[in-house]
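Shown next, in structure tokens, is the structure this report addresses.
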Amino acid sequence: MSEVDERDFGVDLLLVPSGNEARDLSVAGTGGLQTAHGADAAVQALTMRLLVRRGELEPLGWPDYGSRLHELVGEPDVPRTRLWLAQYAREAVAADPRVREVEDVTVTTDRFQARITLRLLLQDRTQPVQLAVAVPLEAP
């Protein structure tokens, strides 16, 4: 397999967590905006795909972009919910053409929140990357 240039996965504005799975732009010390490059940009884009509701970007021409994870917000922490969380996360990232294979999806919970961790291979890469998102479950 050929070595892929980092530019193959593009450059994007760096988004940093700002609470409750929200993301915000990151300002560099010089006052400019920071950027994500290569595989980091792809991981960021896949994370955003998981956080956006499927169909939310339909008015912009992207009807299938996003995930169904929002459908499980508030559900009880039971095995069925964890299986659906894993399935919806796997479906969303597998739909992205940058993803060659979803190697593993792990769901851990503390009753009030589920943490979904995915390990996947990007196209033309041999080293897996990892990403994680949280989904709030039933309220106390």
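Of the residues making up the stretch 18-71, those that are within 24 Å of Leu85 (Cβ to Cβ) and among the hydroxyl-bearing types (Ser, Thr, Tyr) are Ser18, Thr47, Tyr65, Ser67.
The set of residues in the stretch 7-22 being more than 15 Å from the chain's Cα centre (by Cα) and modelled with pLDDT under 80 consists of Arg7, Asp8, Ser18, Gly19. Scanning the stretch 23-60 for residues that are surrounded by 13 or more Cβ atoms within 10 Å (Cβ to Cβ), modelled with pLDDT under 85 and more than 23 Å from Val105 (Cβ to Cβ) yields a single hit, Ser26. Got at least one residue in the stretch 18-38 being assigned to a helix (DSSP H, G or I) and either of a type outside the set (Val, Ile, Thr) or at negative phi (or both)? Yes: the stretch 18-38 contains one or more residues that are assigned to a helix (DSSP H, G or I) and either of a type outside the set (Val, Ile, Thr) or at negative phi (or both).
Touching a residue at least 40 places away in the same chain (Cβ under 8 Å), under 24 Å from Gly38 (Cα atoms) and in a helix (DSSP H, G or I): is that true of Val93 in this structure? For Val93, the condition - touching a residue at least 40 places away in the same chain (Cβ under 8 Å), under 24 Å from Gly38 (Cα atoms) and in a helix (DSSP H, G or I) - is met. Assessment of the stretch 39-51 against the conditions (outside any helix (DSSP H, G or I) and touching a residue at least 12 places away in the same chain (Cβ under 8 Å)) yields no matching residue. Scanning the stretch 110-140 for residues that are among the charged types (D, E, K, R) and not in a loop (DSSP other than H, G, I, E, B) returns Arg115, Arg119. Among the candidates Val102, Val135, Val73, the residue that is modelled with pLDDT of 95 or more and not basic (Lys, Arg) is uniquely Val102.
The values are calculated or read from the model by the stated rules, or taken from the named source; none is laboratory data. As the structure is a computational prediction, the values presented were derived from the model and not from experiment. Here Cβ is always computed from backbone atoms with ideal geometry, including for glycine, and neighbour counts include all displayed protein chains.
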